[in-house]
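The values are calculated or read from the model by the stated rules, or taken from the named source; none is laboratory data. Since the structure is predicted, the reported quantities are computational estimates derived from the model, not experimental observations. Heads up, the Cβs are rebuilt from the backbone with ideal geometry, glycines too, and the neighbour counts pull from every protein chain shown. When the accessible area is computed, the model is the full protein with side chains, heavy atoms only, and any ligands, DNA or RNA have been set aside. Shrake-Rupley method; radii C 1.70, N 1.55, O 1.52, S 1.80 Å.
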Amino acid sequence: MCGIIGYCGPKPAGPILIQGLRRLEYRGYDSAGIGVLSDGDVAVFKKKGKINNLAEVVPEDLPGTCGIGHTRWATHGVVNDANAHPHADATGKIVIVHNGIIENYTALREKLEEDGCVFASDTDSEVIAHLLASLYEGNLEKTMAQALTLLQGTYGIVALHADEPDTIVGARNGSPLVLGIGDDEMFLASDVTAIVAHTKQVVYIEDGEIISITPSTYHLTDQRRNTVDKKIEFISWELEEIEKDGYAHFMEKEIFEQPDSILRAMQGRIDHEYATSHLGGLNMSRAELLNTERVKIIAAGTSFHAGLVAANLIESIARIPCTAELASELRYRNPIVERNTVYFAVSQSGETADTLYAMRELQRKGARVLGICNVVGATIPRESDGGVYIHSGPEIAVASTKAFTSQLTAFYLFALLIARMRDMSYEGGKEFVQALESIPEHIRSMLSRVDTIRSLAKKYAGVADFLFLGRGLNYPVALEGALKLKEISYIHAEGYSAAEIKHGPIALINEQTPSLFLVPDDALRDKVLSNMKEVKARRGPVIAVCVDGDRDVAEVADDVIEIPRASTVIYPFLMVVPLQLFSYYTALELGRNVDQPRNLAKSVTVE
Ligand code: M6R
């Protein structure tokens, strides 16, 4: 969602804030703004649209070495200059940026308006500035503490006051905030990508905490306003990892990184001697793993699709019941938490509100919830009872690609671990490990022949609707292919089990509606082939993703994308890469903003 940065130090704040906002633009990009403190005033600049629009109106020689900035993903109020952050009180002395939703803002606004406040925007966030002003008695940190007792909802707030030079105060409840500690300079940010160019030393702020910074000091208090002394952690990401490195887009870079990112997710976790895996971060003893009777997975979006593949795999090879469910649905249906059940909360960002709140609900009911996350130090891995980091490196493109295949890798390792404790033989384990280790090379070979996919994207870019169809392990991959296409090309796409089309979706088939079938050479191949023929019989154009040299499929399909013949268990990895590329090239063909598609944001920290 929204991105936040604050800087306090000896250097001019303007360029640091703008650079930080550029790095945060993937979090929200409908408008942006900064507020910089100088000589008892706060100069505020804000602009609808991209950071470039903002950069054009900020003077290069803007004075001031302490300031705050924000990239917005609109929740309350349309996208315009007035609704962009920062927001100020009537005097312009208190200036705030906010990520999250203030749920009681209507009541607060009515009360503040009764007291004479005039609002300049339609946002929920602006009430924070007026509320702080109405409570202010000379100390912003104390005022923030008072204000938090009146605010309901989620927030990462960063504020400054014109009368308190060189001071920024931040607070967090449900929206991420991190402190960056530099040499005589301090930063506050919604994620480390904004500050990694300046410092790698960070302190993660928890819900209920208030942080106050000056260039050389920071003061952190807990919910009871006692001072807390927290461990300083180190960011392991390098600056180069959040740059495009010669690729046209982050999405392209991230697709092409997959042979390496999958390898990183496996590294040090495969036990060749016993043909099993080590996942020390699960924090579970062998006995606890053996006593596990059920696995349940919660997630959203692409992470949910990884969970669906995992549920199928875990149940079939580890022989324990496993299901995946949308986190947003689980939270509100009063779920039953059974004994000996292991839950996984899967999230690339580790900050997705739907997944985080569902996880907390499960934990409240006594469940053990493990995280499968990418961003080290994010809220889900911090609050989970253990888990697996997927080590994909930063994923900046809004459309998730490499995180998906690394989430799958983590789940495949978990399935192997459990399976080897149950029915899977040593020989079976060896075969599984071999298959897993062959994935990076297979993907590498596919990435060296992308021309067919590029020309198919050109051929089909003009269509209005698309169906993605798969079965078994590859049914969730069809869902993922449809999600990818719709989110970055804006073509309407639906994913279905190929078996399901005869139960309704086949009514959509005509000469203008292509179907993309996933047809690996697995046990369901012939059935999918029949479904393809049903679509052809109704003049629907058919693209098939099948193994090299599958003539039966090629005879029926209009177009074919070939993948290497491999162990059937790893086909979800090999099937998803062409779909990622297909959506990428289609979006390019249509001139879409691939990395920052409309209406979306990378990390969805509101419900
Ligand atoms: O960070 P998470 O994995 O929790 O994010 C979940 C979804 O918001 C995310 O996968 C979303 O669907 C992506 N934009 C898909 O490409």
Under the Karplus relation with 6.51, -1.76 and 1.60 and θ = phi - 60°, whole-Hz ³J(HN,Hα) for segment 269-281, x at Gly and Pro, equal 10, 9, 9, 5, 4, 10, 6, 9, 10, 10, 9, x, x
What 222 nm value per residue comes from the helices of the chain, counting each DSSP H run with n ≥ 4 as -39,500 (n - 2.57) and dividing by all residues, nearest 500 deg cm²/dmol? -10500 deg cm²/dmol
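Please give the peptides 583-589, 211-217, 48-54 ranked by average Cβ packing (other Cβ atoms within 10 Å per residue), highest first, as a rough proxy for protection. Write out the running numbers ahead of the final one.
Working: 583-589: 24.7, 211-217: 19.9, 48-54: 18.0.
With the highest mean Cβ count within 10 Å placed first, the list reads 583-589, 211-217, 48-54.
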Segment 245-446 - percent relative contact order, Cα under 8 Å, separation 6 or more: 31 percent
Cα extents of segment 174-240 along the three principal axes, largest first, in whole Å? 40, 26, 16
For segment 449-592, the percent of accessible surface on carbon and sulfur atoms (probe 1.4 angstrom, ligands and nucleic acids excluded) is 47 percent
Order the peptides 120-128, 423-431, 316-324 from the highest to the lowest mean number of other Cβ atoms within 10 Å of their residues. 120-128, 316-324, 423-431
Residue by residue through segment 208-216, what is 3J(HN,Hα) from phi via Karplus (6.51 cos²θ - 1.76 cosθ + 1.60, θ = phi - 60°)? Round to whole Hz and write x for glycine and proline. x, 7, 10, 10, 10, 10, 10, x, 10
Give me the accessible area per residue for segment 1-135, probe 1.4 Å, as a whole number in Å². 37 Å²
Among 300-309, 271-280, the order from most to least packed when residues are scored by Cβ within 10 Å on average: 300-309, 271-280
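Would you work out the charge dipole size for the chain about its Cα centre, treating the Cβ of every Lys and Arg as +1 and the Cβ of every Asp and Glu as -1, and quote it to the nearest 20 debye?
The calculated dipole for the chain is roughly 1480 debye.
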When the accessible area of segment 245-446 is split by element with a 1.4 Å probe, what percent falls to carbon and sulfur? 48 percent
As a test, work out the antiparallel percent of DSSP beta bridges whose residues both lie in the chain, rounded to the nearest 5. 60 percent
More than 30 Å apart - percent of Cα-Cα pairs taken over the chain: 55 percent
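Can you tell me, using C-alpha contacts under 8 Å and at least 6 residues apart, the relative contact order of the chain as a whole percent?
Numbers: 1404 pairs, mean separation 71.4, N = 607.
This gives 12 percent for the chain.
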What whole-number value in Å² describes the accessible area per residue of segment 451-607 for a 1.4 Å probe? 38 Å²
Using a 1.4 angstrom probe, figure out how much accessible area segment 232-322 has per residue, in square angstrom, rounded to the nearest whole. 45 Å²
For segment 1-81, divide the Cα radius of gyration by the Kirkwood radius and give the resulting Rg/Rh value with two decimals. 0.96
